[in-house]
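Here is the structure we will look at.
Read the figures in this text as sums done on the coordinates, not as results from a lab. Values in this document were obtained by computation on a predicted structure and should not be read as measured data. As a convention, Cβ positions derive from the backbone with ideal geometry for all residues, glycine included, and neighbour counts pool all protein chains shown.
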Amino acid sequence: MKQVLFLIAVIAFFGCSEEQKPSPGAEDTPYSEQRREPVRVGTDMIKDQRTASSGSITEWPEMRFDRYDHDFGDVPEGTVVETKFTFRNTGTSNLIIYSAKGTCGCTVPEYPREPIPPGEEGSIVVTYDSANRKGIQRKSVNITANTNPNVITLNLVSTIVQN
């Protein structure tokens with residue numbers, strides 16, 4: 001029995017120490033030393049025309065809000081409150097909002113689904129439900145749009161008071 005275990009140990013030792021040979025056709029140059037030419041992508045190659053631009057960063061839409069923070073103050077528990085954030089497209093191309101999401105289910109934003117032309121205004125109405133909340137609450141809404149940067153955050157604060 002000892003001889004069988006010894007034989008298995010010897011086979012395992014020599015089997016694990018075998019040097020791996022490169023597969024046929026593998027290059028001898030390490031990956032870190034290989035040079036690759038960059039691929040240039042033009043806007044004509046982009047299929048989603050909402051995100052295609054002329055290639056100039058000066059032609060991005062820009063979303064400027066009247067404010068980025070809102071304090072609801074003292075809110076009785078169970079009350080639903082809302083606020084409206086107004087913005088203007090100060091860029092040079094149409095502004096498209098892809099999504100607006102609250103950090104939890106108690107914060108629900110409503111946003112315009114149609115493109116906002118340069119110079120025009122729009123608004124995002126945020127509804128906050130204070131049910132089952134206590135104390136100071138900090139919530140936020142992340143807006144994803146075809147702007148640079150593409151995510152803008154609106155902040156909400158409230159103090160929930162017991163009835």
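Things to note:
- Label-point gap, in nm, between Ser99 and Asp66 - each point 7 angstrom along Cα→Cβ: 2.8 nm
- Across region 72-79, coupling constants 3J(HN,Hα) worked out from phi with the 6.51/-1.76/1.60 Karplus curve, θ = phi - 60°, read 6, x, 7, 10, x, 4, x, 7 Hz, and Gly and Pro carry x.
- Rounded to 5, the percent of DSSP beta bridges in region 62-161 classed as antiparallel: 85 percent
- The stretch between Met1 and Glu121, if pulled fully straight at 0.36 nm per residue, gains 34.6 nm over its current Cα-Cα span.
- The three principal axes of the Cα atoms in region 64-163 give end-to-end lengths of 49, 20, 20 Å, sorted in falling order.
- When region 62-161 is described by a simple charge dipole with +1 on each Lys and Arg Cβ and -1 on each Asp and Glu Cβ, the residue from Ile136, Pro117, Ile97 located farthest towards its positive end is Ile136.
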